[in-house]
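Only one structure is covered here, and it is reproduced in the block below.
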Amino acid sequence: MSLAIRAGEAFGIIGPNGAGKTTLLGCLLGFLRPDAGRIRIDGKPVDDPSIRAVTGFLPERLIFDRWMTGREFLSFHHALARLPAATRRADVDTALLRIGLADAGRKRVAKYSRGMLQRLGMAQALIGAPRLIYLDEPASGLDPEGVLLFRGLLLELKQRGATIVLNSHHLDEVERVCDRVAFVRVGKVEAIETPSAGASLARVLRVRVAAGWAWDAGGRDRLSARATAAGARLLDAAPPDARFEVPDDAGAARLLAELVRAEVPVIEASPDGSRLERLFAGAKPGAPQ
Amino acid sequence: MNWTLIRSFWLQRLRSPVRMILLAMVVTFAAGRTAMFPMGWQLGVNDAWTAAAILGFGMISQDVSSGAAQLILVRPVRRVEYLLSRCAAVLLGAMVVLTLQLGIDVAIATARGMAPAASDVLPNALMAISWVVGVTAIIALLTSVARGLGDLGLYAMFLVSLGFFGFAGQVGRLEWAKWIATGLGWIVNVGLSTEDFADAGPAMWKGLLRLAITVVACLALGYAALRRRELTYSS
């Protein structure tokens, strides 16, 4: 496995179960030792205290110190990160407020729900505004509000130039956040892509048609003919959606224009699966960089 | 030494009902014993061992199993600092418990008209400290290689082995079994006696040297094991 993560980029790691994503993260964090080779961050070993001081980590397995309260937990990590004691109370208050746990700060971590633990874990990872952040399945267990909050936090991190390493099964999340994505399979980096690379790949477009459209054989034939004219192919059609295979993003635009021109009452169009899903599903990724 | 780690460890132990109940039982039992037999106010080896054991077992191995160690070690905390801070927390915690126990026992003995002399109390306290130091060092080694409360299991195996080889050596007149039992005993019986400190003679210096060797060896081996230890964190 050989890869370089650039300072300030959001880097995603995706791959099937057992591919080695968590092992890779374990090596990057210094929990596991590579069988061979070495890992350097800013030219230093991963366990160098100066690197640790700017590192944040949200683990997948959220078994924190359950006997602490949320506030104590964050204060503990604030102190471990060697941040000034004078700002501890204010920093912890801010962190709890930011993640929507201001009212639960005095509650024991043991009584937190899965989503609350995830939020607390995120706050812990962000203590001290780290420059390098490892997030392992950060959105799992979050409610919709939590997902939006998490997205906002990630965008903030990106804006302030933090390097983010994101291991997630949520491909749409990875696509939304990451500048580059590594595809890992059987312990090897198969490819490193930018999510926009999927624009040149064939995709499935789901088109929703307004009520009143005739979904009989004639209606289907009309849809199929317009698709062929736009260089696409009708896959299936069942009220209220029709699914088309288009060659690329430009092909999707041509198809929609053709449907509108033919007075098909299109009310919505969305990709069936993200670009990363298409890349991941077996398209031809480029060579590792 | 990292005071954040030491404080958090104490807080963790204080909020552990099982450990607190055990410690309370030990102190209460000792107080009851002194109330009935005021001459027996002294701390015993068992008292020191129990205090260190109740606080010490699982000091790192439980953190590793729960994933707490991984979150600590991702911070600017070196593994040696983590190990020594845990040891210091156990050592200081056990000494507080023993001081409390000794204080209660001496107070009870005094109230019963058998106040011990300071020259008797000091060697007894030093004996207890020597045992706490030694037992903590052994636990530090075991907890660095075990998971969960596996360090307690390893220690129990150690004691059982010691008993087995000692018995086999005595009954079967097996020199090699005696030799193994002696070796194991050298490691397990780490502390000094009250008499050693009271006499302050060559036996005390010899015992202190042996204690120092055991402590240094256990901590060095424990650190070597912890340094090489791989930490998984996934479910």
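The values are calculated or read from the model by the stated rules, or taken from the named source; none is laboratory data. Being a predicted model, the structure only gives us computed values, none of them experimental. Reconstructed Cβ throughout: ideal geometry from the backbone, glycine too, with neighbour counts over all protein chains shown. Ligands, DNA and RNA are excluded from the accessible area calculation, which covers all protein heavy atoms including side chains. Shrake-Rupley method; radii C 1.70, N 1.55, O 1.52, S 1.80 Å.
For the reader, a short list of remarks on this structure follows.
- Restricted to the stretch B:1-109, the set of helices (runs of 4 or more DSSP H) holding at least 2 residues that are closer than 30 Å to A:ALA81 by Cβ and touching a residue at least 60 places away in the same chain (Cβ under 8 Å) comprises B:3-14, B:61-66, B:68-73.
Matching residues to (1) within 15 Å of B:LEU71 (Cβ to Cβ); (2) crowded, with 16+ Cβ neighbours inside 10 Å; (3) of a type in the set (Asp, Glu):
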position: A:ARG119; (1), (2), (3): no, yes, no
position: A:ILE127; (1), (2), (3): yes, yes, no
position: A:PRO130; (1), (2), (3): yes, yes, no
position: A:LEU135; (1), (2), (3): yes, yes, no
position: A:ASP143; (1), (2), (3): no, no, yes
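- Residue that is modelled with the highest pLDDT [pool: residues in the stretch A:178-188 that are open to solvent by 30 Å² or more (accessible area, probe 1.4 Å) and part of a loop (DSSP other than H, G, I, E, B)]: A:ASP179
- Looking only at the stretch A:45-91, and only at residues there that are β-branched (Val, Ile, Thr) and in a helix (DSSP H, G or I), the one that is nearest to the other protein chains (Cβ to nearest Cβ): A:ILE51
- Annotation: B:ILE180 fulfils all but one of (1) touching a Gly at 6+ places or on another chain (Cβ under 9 Å); (2) assigned to a helix (DSSP H, G or I); (3) open to solvent by less than 40 Å² (accessible area, probe 1.4 Å); the unmet one is (3).
- Qualifying residue in the stretch A:203-219 (condition: closer than 25 Å to A:PHE57 by Cβ and in contact with a Ser or Thr (Cβ under 7 Å, 6 or more places away or on another chain)): no
- Lone qualifier among B:PRO123, B:PRO116 - being surrounded by fewer than 19 Cβ atoms within 10 Å (Cβ to Cβ) and either in contact with a strand residue (DSSP E or B) (Cβ under 6 Å, 6 or more places away or on another chain) or not aromatic (Phe, Trp, Tyr) (or both): B:PRO116
- Of the listed requirements (1) within 14 Å of another protein chain (Cβ to nearest Cβ); (2) open to solvent by 10 Å² or more (accessible area, probe 1.4 Å), B:VAL64 misses just one: (2).
- Scoring A:ALA191 on the criteria (1) outside any strand (DSSP E or B); (2) touching a residue at least 12 places away in the same chain (Cβ under 8 Å); (3) open to solvent by less than 40 Å² (accessible area, probe 1.4 Å) leaves a single failure, condition (1).
- Members of the stretch B:3-28 that are over 21 Å from A:HIS77 (Cβ atoms) and more than 11 Å from chain A (Cβ to nearest Cβ): B:VAL18, B:ARG19, B:MET20, B:ILE21, B:LEU22, B:LEU23, B:ALA24, B:MET25, B:VAL26, B:VAL27, B:THR28
- Residue check for A:LEU205: assigned to a strand (DSSP E or B), at pLDDT below 90 and more than 30 Å from A:ASN167 (Cα to Cα): no
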